[in-house]
Amino acid sequence: MSRAPVRIFPSADAIGKHVAERLLSSIERARVAGARFLLGCPTGRTPRPVYGALARQLAVTPQDLSHLVLVMMDEYLVTAGGGGFDYASAAEPWSCHHFARVEILDLGNAGLAPAQWLHEESVWFPDPRDSAAYDARITDAGGIDFFMLASGASDGHVAFNPPGSARESRTRIIQLSEETRRDNLKTFPEFGALAAVPSHGISVGIETITAAKESVMIVSGSGKRLTLTRMRSAERYEPDWPATVIHECAGGEILADADAAEPLDAR
């Protein structure tokens, strides 16, 4: 793999518009070919401009999404009976299930006819009772066509993969680091306090991400300057900064806004 190039945009909204246009074109090509399109999706602040741009473009120019599959990256877990784990309640505004339903599914479907809707059953999450089954399900479906990625500001985590994650790691239950939990508290102030942020999550692994056919890492805001610097200084995956996985992704690109890029040269 070659080092991922960096493209700098004037704003997060400009990145969102660019990625949305690219995705809608690829999704339509898959429909014409009679194929499903598997989109790897994060939740949180970073991808919001993309999902917003998708909804706005679909409202103006409706497009069939019935063949689209959302492969969600992760979800918070809570302790279940018998000492295992279960999903956090989908009613919680910070849960990934809630985000996917409200900010992707409902928003995207709002301007479409029912026959064009993205189906609820086409939003996939890894199962904490059988985490390994997720990678098998993705492979059986032909693999992820496009993976949107985002990086933690303070430690470079991707999905819930903390520093030290092995290159060959796959979907698994992870104990969340304090840095990841603090980043998530900033993303979802609805938590109220760090103690309310779950201590575990289920997440795709580094190998799951690199298996995608195409990927972009979106970096926006001044708080992401450190992770952009770390990614730009790397040439391959460095376990102490998981966001460097982008260098081992097929067709990988880093898309940064001007706030994240300062004081780097824009080119």
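The values are calculated or read from the model by the stated rules, or taken from the named source; none is laboratory data. Just so we're clear, the structure is a prediction, and the values are computed from it rather than from any experiment. Cβ coordinates were reconstructed from backbone atoms using ideal geometry, including for glycine residues, and neighbour counts include every protein chain displayed. Heavy atoms of the whole protein, side chains included, go into the accessibility calculation; ligands, DNA and RNA do not. Shrake-Rupley method; radii C 1.70, N 1.55, O 1.52, S 1.80 Å.
Filtering segment 152-170 down to residues that are hydrophobic (A, V, I, L, M, F, W, C) and either out of contact with any helix residue (DSSP H, G or I) (no Cβ under 6 Å at 6 or more places or on another chain) or under 9 Å from Ala243 (Cα atoms) (or both), which residue is surrounded by the most Cβ atoms within 10 Å (Cβ to Cβ)?
Applying the first criterion (hydrophobic (A, V, I, L, M, F, W, C)) to segment 152-170 yields 153, 158-160, 166.
Still in the running and either out of contact with any helix residue (DSSP H, G or I) (no Cβ under 6 Å at 6 or more places or on another chain) or under 9 Å from Ala243 (Cα atoms) (or both): 158-160, 166.
On the way: Val158: 27, Ala159: 30, Phe160: 27, Ala166: 12.
Only one residue tops the list, namely Ala159.
Would you be able to tell me the number of residues in segment 49-62 that are of a type outside the set (A, V, I, L, M, F, W, C) and surrounded by 19 or more Cβ atoms within 10 Å (Cβ to Cβ)? Lay out the reasoning, then the answer.
At the first step, the residues of segment 49-62 found to be of a type outside the set (A, V, I, L, M, F, W, C) are 49, 51-52, 56-57, 61-62.
If we keep only those that are surrounded by 19 or more Cβ atoms within 10 Å (Cβ to Cβ) as well, we get 49, 51.
Residues flagged as of a type outside the set (A, V, I, L, M, F, W, C) and surrounded by 19 or more Cβ atoms within 10 Å (Cβ to Cβ) within segment 49-62 amount to 2.
Just name the residue that is nearest to Ala250 (Cα to Cα) out of those in segment 182-196 that are free of Cβ contacts under 8 Å to residues at least 60 places away in the same chain and either among the small types (Gly, Ala, Ser) or open to solvent by less than 20 Å² (accessible area, probe 1.4 Å) (or both).
Among those residues, the one meeting the criterion is Asp183.
Can you run down the residue pairs with Cβ atoms below 6 Å, 6 or more apart or on separate chains, where the first is in segment 90-103 and in a loop (DSSP other than H, G, I, E, B) and the partner is of a type in the set (A, V, I, L, M)?
From residues that are in a loop (DSSP other than H, G, I, E, B), the pairs are Ser95/Ala88.
Kindly list, by first and then second residue, each pair from a residue in segment 199-221 that is of a type in the set (Asp, Glu) to a residue that is open to solvent by less than 10 Å² (accessible area, probe 1.4 Å), limited to pairs with Cβ atoms under 6 Å and residues at least 6 apart or on different chains.
Partner pairs satisfying both residue conditions: Glu214/Phe146.
Gly16 - would you say it is buried (at least 22 other Cβ atoms within 10 Å of the Cβ) and in contact with a Pro (Cβ under 6 Å, 6 or more places away or on another chain)?
yes
If I ask for residues that are in contact (Cβ under 8 Å) with a residue 40 or more places away in the chain and open to solvent by 30 Å² or more (accessible area, probe 1.4 Å), which ones from segment 23-42 would you list?
Listed by number, the residues that qualify are Ala35, Arg36.
With respect to the numbered conditions (1) more than 15 Å from the chain's Cα centre (by Cα); (2) at pLDDT 95 or above; (3) open to solvent by 60 Å² or more (accessible area, probe 1.4 Å), which one is the sole condition not fulfilled by Gly82?
(2)
What's the total number of residues in segment 203-219 that are open to solvent by 20 Å² or more (accessible area, probe 1.4 Å) and under 22 Å from Ser177 (Cα atoms)?
1
Would you confirm whether any residue within segment 133-151 is at pLDDT 95 or above, acidic (Asp, Glu) and touching a helix residue (DSSP H, G or I) at 6+ places or on another chain (Cβ under 6 Å)? Give the steps one after another, and end with the answer.
From segment 133-151, those at pLDDT 95 or above are 133-151; that's our starting set.
Add one more test, that the residue is acidic (Asp, Glu), and what stays is 135, 140, 145.
With touching a helix residue (DSSP H, G or I) at 6+ places or on another chain (Cβ under 6 Å) added as a condition, the list becomes 135.
Checked segment 133-151: at least one residue is at pLDDT 95 or above, acidic (Asp, Glu) and touching a helix residue (DSSP H, G or I) at 6+ places or on another chain (Cβ under 6 Å).
Can you tell me which residue among Leu70, Leu112 is open to solvent by less than 30 Å² (accessible area, probe 1.4 Å), touching a residue at least 40 places away in the same chain (Cβ under 8 Å), more than 30 Å from Arg225 (Cβ to Cβ) and not in a helix (DSSP H, G or I)?
Every option except Leu112 fails the conditions.
Inspect all residues belonging to segment 43-51 and state whether any of them is assigned to a loop (DSSP other than H, G, I, E, B) and out of contact with any helix residue (DSSP H, G or I) (no Cβ under 9 Å at 6 or more places or on another chain).
Within segment 43-51 (the criterion being assigned to a loop (DSSP other than H, G, I, E, B) and out of contact with any helix residue (DSSP H, G or I) (no Cβ under 9 Å at 6 or more places or on another chain)), the answer is no, since none of the residues qualifies.
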